[in-house]
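FYI, it's all coordinate maths here, none of it is from the lab. Here the structure is a predicted model, which means the values were calculated and not measured. Please note: Cβ atoms are built from the backbone with ideal geometry, for glycine as well, and neighbour counts cover all protein chains shown.
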Amino acid sequence: MTALQALLIAIFYYIGTGPVPFGSMGNWATINRPLVMGWIVGIILGDPVQGTIIGATINIIYLGFISAGGTLPSDSGMAGTFGTAFALVGGLDPNAAMALAIPMGALGSLLWVVTMTYQSFFVRLADKWIEEGRDDLMIVIDYYLPHGIKAIARIAYAFAGLYYGSSVITRLVDMLQGPILDALSVMGGVLPAVGIAMMLTMIFNGKARVFFFLGFLATSYLGLGTIPALFIFLCVGILVVGFSAEDMDAFRNVQTNETAFKVITKKDLLHGWVRWELFCESLYNYERMQGIGFVTAMVPILRKTTGGDKQKMIDGLKLHSMFFNTDHDFGGAIYGVCAAMEEQKALGADIPDEAFISLKAGLMGPCAGIGDTLSQVVLLPAVSVIFINLALQGATWAPLAYTIIFLAIFYGVGYLYLMVGYKSGGEAIIRLIGSNLFHKAIELANIVGCGVAGAMINNFVSFNWNVTMYENEQVVFDLQNDLFDALVPGLMPLLITLGIYYAIKKGKSVTLIMVVLMVVSFILGILGLVR
Amino acid sequence: MKNIVLARIDERLIHGQVATQWLNLIRANTIVVADDKIPTDNFMTMILKAVCPRNCELHLLTAVEAAEFLKGEPGNEKVFLVTKGPEAMLKMIEEGCEFKEIILGNMGSAAGRKSFNRNVSASPEEVECFRQIIEKGVPIYQQMVPVDPKVDITGFIK
């Protein structure tokens, strides 16, 4: 790897973790995914096809890892970047790359905690500037300052890690030929089970559980692929859930408030919304979470509604910089409600601060409850599964198509929520999160998710015993062929996946589970008991 | 006593982590929110009814009412019990409820609260509640999402 290549990869790694160009959630869900990052690394290192395949393979583990309420169990971006880069440089197969990527993901999640912690210090400075009514500096404290530091730090450590790490990896791979690399492949074959088990923790409940086994059996006996399984379960799920025309009611009976666009313009509203989507988590920290992001978004609104009154601006900035944390799309809706309320206040309505506080504090949790589920449990895995499958076959257009489709849906829905919030207020948002459409969509996603998770076991997890008995140099019994495959093909991957699921359910930490799984599969691989 | 599959203290009540990760994993079918203010707060009542998953029954009760409900005959309920802070939990224990353990989620920073770790801040009164709960033999663990390790909070409140 040349220094230029390492630098380019490091820059893209930083972009994936930053807010520009697709927004805090947009970048996280696209550039930062191993599927997309693998493709980018592949292009930079001159092998886009292999990069795409490796990235997609690593992405399977991270299908079920979501980031809710400021937690990041494992950093998929770091895993995808370093895993793909090292695998390409060292000429490793995708399975061995996966084994290499996991520790990188764990390291990344530690760095996330460090970032979230030190960024709390910027909040002091933000509060000082708020006290001085410096609305022009909100974007500086929310984005320019923290990201100036973050960009330099991330690009520096990623560059160093990639540049020096790749020569170490090349030497390591030369040293570790044969059994150790085989054992790494065995390890990589088992690891996708963690991703599937993590998916199950969010959906394996009620009658949807039957579909998990149905999905598994359909692939075991009929050899069904993952994408056909997805579409078949989608049809079955729609039948089971039973959608009706009334489910759209929450979107239809929307009343428009009469003060809309009397003080602010549509441009102001969209300006603040774009700020929200881009920068809501650019200064993510444990003390206020998205609080400073929210106030930054409110600045274009407050500039109009305070009419140049310094004290009103200070009060407004203080009010909107409180602790805030919710789903990105629904956050836009809450921003819309606040914009409308500020507008009504400017027109003379008596709206006390408590009304804003109770609205934001009351809505942010439940909005995240529905919003995180829709975006991270429904949308992200569904779109990912389709394009991961295509990418595994070497389709280099798949990561790009994934990015476009995800962003189109995410921002399309976000715009819809923004307008519902702005035009119809807090109660309309409550009707939205309580709507039949959303609750049925979640039920549908559980069924489809369980079915697809079952199908993924045979397509993505591999574990084959290498135990044979000989008589007169003839194989008389092959444990895998003669027992497991004869009974139910894929039985071991199924048992491993369910084992991981129950370990998580019993309260074991996922890091511990991964370490145990890696060690055991590595030992079985070295001993040649598994192929 | 009814079957309580998870007793949680979390200021945000039913939110992203609870909806995406806890409810399905513990397979709760009944959600009890024990809070003295919420039953008479129309706005919060409306929000919690909206967010409650359709496969769960929702009960919005005061701490005393919740204790009565939980002490009732066990049926098919698998209860997810959630309170905003430790006071309601302590109240229910004093009313005779038995909890195996309490999982502590988020309590945000606010005036008068000191932060223990990145997700939990508490006032001296709240710390006293934690202490009394632990003294009554109910361990409290900090754990945001099920895949995190459980951390005993005894160390924080000394």
Applying the gyration tensor rule to the Cα atoms of chain B (axes a ≥ b ≥ c; rounded if a/c under 1.5, else prolate if a/b exceeds b/c, else oblate), the class is rounded
Each residue of A:493-505 has, on average, a number of other protein chain C-beta atoms within 10 Å of its C-beta equal to 1
Checking region A:56-121 for chymotrypsin sites (Phe, Trp or Tyr not before Pro) in a loop per DSSP with at most 11 other beta-carbon atoms within 10 Å yields none
Summing -39500 (n - 2.57) over every DSSP H run of at least 4 residues in chain A and dividing by its residue count gives a helix-only mean residue ellipticity at 222 nm, to the nearest 500 deg cm²/dmol, of -23500 deg cm²/dmol
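What is the mean number of Cβ atoms from other protein chains located within 10 Å of the Cβ atom of each residue in peptide A:415-423, rounded to a whole number?
If you average over the peptide's residues, the count of other-chain Cβ atoms is 0.
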Scoring chain A by relative contact order with C-alpha pairs under 8 Å, at least six apart, yields a percentage of 23
Within region B:3-155, pairs of Lys residues whose Cα atoms are less than 22 angstrom apart, provided they are eight or more positions apart or on distinct chains, add up to 23
Distance in nm between A:Val240 and A:Tyr502 label points, each 7 Å along Cα→Cβ, equals 2.2
For region A:206-258 the trypsin sites (Lys or Arg not before Pro) that pass both the DSSP coil test and the at-most-12 other-Cβ-within-10 Å test are A:Lys207
Descending packing, highest mean Cβ count within 10 Å first, for B:6-17, B:49-60, A:50-61 is A:50-61, B:6-17, B:49-60
The size of the Cβ-based charge dipole (Lys, Arg +1; Asp, Glu -1) of the protein assembly as shown about the Cα centre, to the nearest 20 debye, is 660
In whole angstrom, the spacing between the Cα centers of region B:26-86 and region A:27-70 equals 40
Mean Cβ-within-10 Å packing, highest first, puts peptides A:458-466, A:414-422 in the order A:414-422, A:458-466
Any GluC sites (Glu not before Pro) in region A:443-531 that lie in a DSSP loop and have at most 15 other Cβ atoms within 10 Å would be A:Glu473
For region A:95-204, the charge dipole (Cβ of Lys, Arg +1; Cβ of Asp, Glu -1; about the Cα centre) points to a positive end, and the Cα of A:Gly178, A:Tyr163, A:Pro103 closest to that extreme belongs to A:Gly178
For peptide B:75-82, the mean count of other chain Cβ atoms within 10 Å per residue Cβ is 0
Distance in Å, no decimals, from the C-alpha centre of region B:88-125 to the one of region A:155-192 is 45
tail above 46 Å in the computed P(r) of the protein assembly as shown, as % of all Cα-Cα pairs, reads 19
Measuring from its Cα centre, region B:3-155 shows a charge dipole (+1 at each Lys and Arg Cβ, -1 at each Asp and Glu Cβ) which, in debye to the nearest 20, is 560
Restricting to lysines and to Cα separations under 29 Å from A:Lys266, and discarding same-chain partners fewer than 8 apart, the set is A:Lys304, A:Lys310, A:Lys312, A:Lys318, A:Lys345, A:Lys360, A:Lys423
Answer in debye to the nearest 20: the dipole magnitude of region A:423-502 about its Cα centre, from +1 Lys/Arg and -1 Asp/Glu charges placed on Cβ, is 880
